1. Among the residues of region A:189-207, count how many are in a strand (DSSP E or B) and open to solvent by 10 Å² or more (accessible area, probe 1.4 Å).
2. Where the second residue is assigned to a loop (DSSP other than H, G, I, E, B) and of a type in the set (S, T, N, Q) and the first is open to solvent by 50 Å² or more (accessible area, probe 1.4 Å) and modelled with pLDDT under 95 and lies in region A:106-122, which pairs have Cβ atoms under 8 Å and are six or more apart or on separate chains?
3. Taking the criterion of being at pLDDT 95 or above, closer than 22 Å to B:ALA89 by Cβ, more than 14 Å from every other protein chain (Cβ to nearest Cβ) and buried (at least 21 other Cβ atoms within 10 Å of the Cβ), would at least one residue in region B:137-144 satisfy it?
4. Regarding B:ARG147, is this residue modelled with pLDDT of 95 or more, outside any helix (DSSP H, G or I) and more than 19 Å from B:ALA225 (Cβ to Cβ)?
5. Pairs please, first residue from region A:194-216 and within 7 Å of chain B (Cβ to nearest Cβ) and at pLDDT below 80, second anywhere and open to solvent by 80 Å² or more (accessible area, probe 1.4 Å) and not in a loop (DSSP other than H, G, I, E, B), Cβ atoms under 8 Å, 6+ apart in sequence or on different chains.
6. A:ALA39 versus (1) surrounded by fewer than 20 Cβ atoms within 10 Å (Cβ to Cβ); (2) assigned to a helix (DSSP H, G or I); (3) at pLDDT 95 or above: which is the lone unmet condition?
7. State which residue is nearest to the chain's Cα centre (by Cα) when the search covers only region A:73-97 and only residues that are open to solvent by 20 Å² or more (accessible area, probe 1.4 Å) and closer than 20 Å to A:GLU31 by Cβ.
8. Looking at A:GLY177, is it among the small types (Gly, Ala, Ser) and without any contact (Cβ under 8 Å) to a residue 12 or more places away in the chain?
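The values are calculated or read from the model by the stated rules, or taken from the named source; none is laboratory data. Only a predicted model underlies this, so the values are computations on that prediction, with no experimental measurement involved. All Cβ positions, glycine included, derive from the backbone under ideal geometry; neighbour counts span all protein chains shown. With ligands, DNA and RNA removed, areas are computed over all heavy atoms of the protein, side chains included. Shrake-Rupley method; radii C 1.70, N 1.55, O 1.52, S 1.80 Å.
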2 protein chains.
Amino acid sequence: MASQPSRRSQRRRASSASSAVSLFVIPGLPEIRKGHPLAQLIGLASRRAGTTLEDGDILVVAQKIISKAEGRVRRLSKIRPTLRALALAKKLSSDPRLIEAVLRESRRVVRSDRVLIVETHHGFVCANGGVDHSNVLGRDSVTLLPRNPDRSARRLATALRKQTGKRLAVIISDTFGRPWRLGLTNVAIGAFGVPTLVDLRGRRDRHRKLLRATVLAVADELAAAAGLVMGKSAGTPAVVIRGYRYRFVEDPAARIIRPAKEDLFR
Amino acid sequence: MASQPSRRSQRRRASSASSAVSLFVIPGLPEIRKGHPLAQLIGLASRRAGTTLEDGDILVVAQKIISKAEGRVRRLSKIRPTLRALALAKKLSSDPRLIEAVLRESRRVVRSDRVLIVETHHGFVCANGGVDHSNVLGRDSVTLLPRNPDRSARRLATALRKQTGKRLAVIISDTFGRPWRLGLTNVAIGAFGVPTLVDLRGRRDRHRKLLRATVLAVADELAAAAGLVMGKSAGTPAVVIRGYRYRFVEDPAARIIRPAKEDLFR
């Protein structure tokens, strides 16, 4: 079943419409709280919107609602900062309780000059370790990244399969900054069902030259594409990508993390 | 005219289909050579494919064909490496003529440990300064990045306007690596017509909390989305993104480059 959409679209490939990929949001999700059955809510919202989920659809979900459903929310008022957090907070003119929350999510501080860039327990290098104020109820509350976003993606895909009868791929996305470029882009922090890195090495280009050093971070491009319709303030944290040709595989987004040893910029 | 698609889609926004963005390739472009009229060839190919370009469409074009049309192709056999290039090539086990081509495109070597990461004259930080073997005719030839990709984007948009009567935005994309994540993603190295960075600071999230530090690199997300259907080996270097809501503005992709002074990782 997994390879059907791919084979079908390869056959239709000659016409331009065949290569069409479309993206649309699933509107009308409620405010998510701990323990909420996300698959059920997504299934319900998509039916209400008149959208039928299809085999091969890729569902991109903002990390925020996964974290909320998993109870990865902390109240700053309940956090007691350590001396290290107090010192860092002073240096960064930030809230020591927030810094403490970040440090607890981190295994290493990468930079603390203007912003706090850390390596999380997962290995992600990002500002504030993914600890975030926005789009969470309560002035005092922050969300943490899911403990194991690849597992969260697999769980959601499995629950959606039961819920809808369809085999969907799932990507959990968050917005990360980049060292040499301004602005944030959506990247995949969790994935199930889609290839996360596609290795083209060994394939040939249109002039039959061997492609070198060409590994595409497909899951990140899928997340970025979804980011276009997701919006930070619009409250549309679930996006469907339809028509993208891929092979259904279990390929964790953790694989995208560059191993610290091979990293020249950590 | 520019704001029409945007207003229209905002009105339709309640239904899920309204937020739909679609992507498709313009198939059948010939091998591009110096001086080829890209706008004409793109107009012709899109008509042949039965695709009508529309006002507000965003055309994402791979850097490679812009470079070829602009004659930014070099034959390695005609390049005489300097002593510096010879030394670097030895260290990197690379072709000294390629390294020389890279150094000529660069204003600074950022790292030369396993790969040569440089800052180009434009300010882009990328492997080999964008000098690339793939998808160019001749075993011996490499392409360089366009001299001024924002100008190239504006020129193409202007020529397309004359050619088709439609107001299109243009993004010129290339695949860049990232320090903390494996794999390449498509980013915008040139742009005309779309906002490249969208600043959400000052806006509020769904709980009316102020969004902080949220600048989205929209042009990079558009380029990444196009990368999904572009393919490295398929020879489909032109992609149309339709249905994305934006305000038509002149906003250069050069603005996405993080100023060296603010960069903690250069």
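1. Residues flagged as in a strand (DSSP E or B) and open to solvent by 10 Å² or more (accessible area, probe 1.4 Å) within region A:189-207 amount to 4.
2. Correct list of pairs: empty, since none qualify.
3. Among the residues of region B:137-144, at least one is at pLDDT 95 or above, closer than 22 Å to B:ALA89 by Cβ, more than 14 Å from every other protein chain (Cβ to nearest Cβ) and buried (at least 21 other Cβ atoms within 10 Å of the Cβ), which makes the answer yes.
4. Answer is yes for this residue.
5. A:ARG203/A:LEU210; A:ARG204/A:LEU210; A:LEU211/A:ARG204
6. Among (1) surrounded by fewer than 20 Cβ atoms within 10 Å (Cβ to Cβ); (2) assigned to a helix (DSSP H, G or I); (3) at pLDDT 95 or above, the lone unmet condition for A:ALA39 is (1).
7. If we take residues in region A:73-97 being open to solvent by 20 Å² or more (accessible area, probe 1.4 Å) and closer than 20 Å to A:GLU31 by Cβ, then A:VAL73 is nearest to the chain's Cα centre (by Cα).
8. In short, no.
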